[in-house]
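The values are calculated or read from the model by the stated rules, or taken from the named source; none is laboratory data. Owing to the predicted nature of the structure, the values given are computational and were not obtained by experimental measurement. Cβ sites come from the backbone with ideal geometry, for glycine too, and all protein chains shown count toward neighbours. Protein only, heavy atoms only, side chains kept; ligands, DNA and RNA dropped before computing areas. Shrake-Rupley method; radii C 1.70, N 1.55, O 1.52, S 1.80 Å.
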Amino acid sequence: MESAVTAKKKWWAGGHSPFNVSYGKLMMWYFLMSDAFTFGAFLIAYGTVRFSSTAWPDPNEVFHSFPFMHGVDWPLVFVSVMTFILIMSSVTMVLAVHAGHHMQKAKVVKWLSWTIVGGIAFLSCQAWEWTHLHEVGAWWGSNPFHNADGSAPMNSNFTDFFFTITGFHGLHVTSGVVLNIIILINVLKGTYEHRGHYEMVEKVGLYWHFVDLVWVFVFTCFYLL
């Protein structure tokens, strides 16, 4: 009985994991915790400035454009599409991890490929949004948008925070896409079939879900409040 329980433990060099997880997966959790503190510091700083300011741009005025639809006024529609794409990529990642648990190589390839497509689509949407905002005069140090009360903008805090935080998040999405491409190549080469497990897919999946979760907070802070 004791040997059966021992066989299920994830063994490390010098002993077994106290949480019954591999070393690599635990280190990924530690990294995500530290990264969460960084994003948290950014968003807390943003919230402090946002709610201590007497005037702030109206998101419905800032984010109302849509690609190839000139002259339309669709507040928050485009960013809703972006958010939907990223959430769906999280779903496909779940399916890839599930397929890996069942050693289904073909399905891992399919769902991981769709996750990569979703990540690239999100980054493409963000690139268009940044380009559009820059064309109307928004950039670091420049805020062309009127405040919600109709007054002229007093400072560039909104755009400084927006481009810094969404840019930092976009960097994470880019890193996630690159990691997923590397993992997909290894899946196609049969690396994880040879190892007898697809734990690496699961570890990268944790990172991808974290990036998606952070976007929910970024979306709430900049586009809804």
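Key figures for this structure:
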item	result
Among residues of region 65-115, those that are aromatic (Phe, Trp, Tyr) and either under 16 Å from the mean Cα position of the chain (by Cα) or on the phi > 0 side of the Ramachandran plot (or both), counted	3
Matching residues, region 215-225, being of a type in the set (A, V, I, L, M, F, W, C) and open to solvent by less than 10 Å² (accessible area, probe 1.4 Å)	215, 218, 222
Residue 206 being free of Cβ contacts under 8 Å to residues at least 60 places away in the same chain and on the phi < 0 side of the Ramachandran plot	no
All positions within region 110-136 that are farther than 19 Å from residue 168 by Cα, open to solvent by 30 Å² or more (accessible area, probe 1.4 Å) and touching a helix residue (DSSP H, G or I) at 6+ places or on another chain (Cβ under 6 Å)	111, 114
When residues of region 49-75 are limited to those that are surrounded by 15 or more Cβ atoms within 10 Å (Cβ to Cβ) and of a type in the set (D, E, K, R), the one nearest to residue 132 (Cα to Cα)	58
Every residue from region 44-65 that is in contact with a His (Cβ under 7 Å, 6 or more places away or on another chain) and under 12 Å from residue 78 (Cα atoms)	65
Residue within region 92-107 that is of a type in the set (A, V, I, L, M) and closer than 18 Å to residue 167 by Cα present	no
Verdict on residue 123 being at negative phi and at pLDDT 95 or above	yes
Count of residues meeting criterion [touching a residue at least 24 places away in the same chain (Cβ under 8 Å), under 28 Å from residue 143 (Cβ atoms) and small (Gly, Ala, Ser)] in region 42-101	5
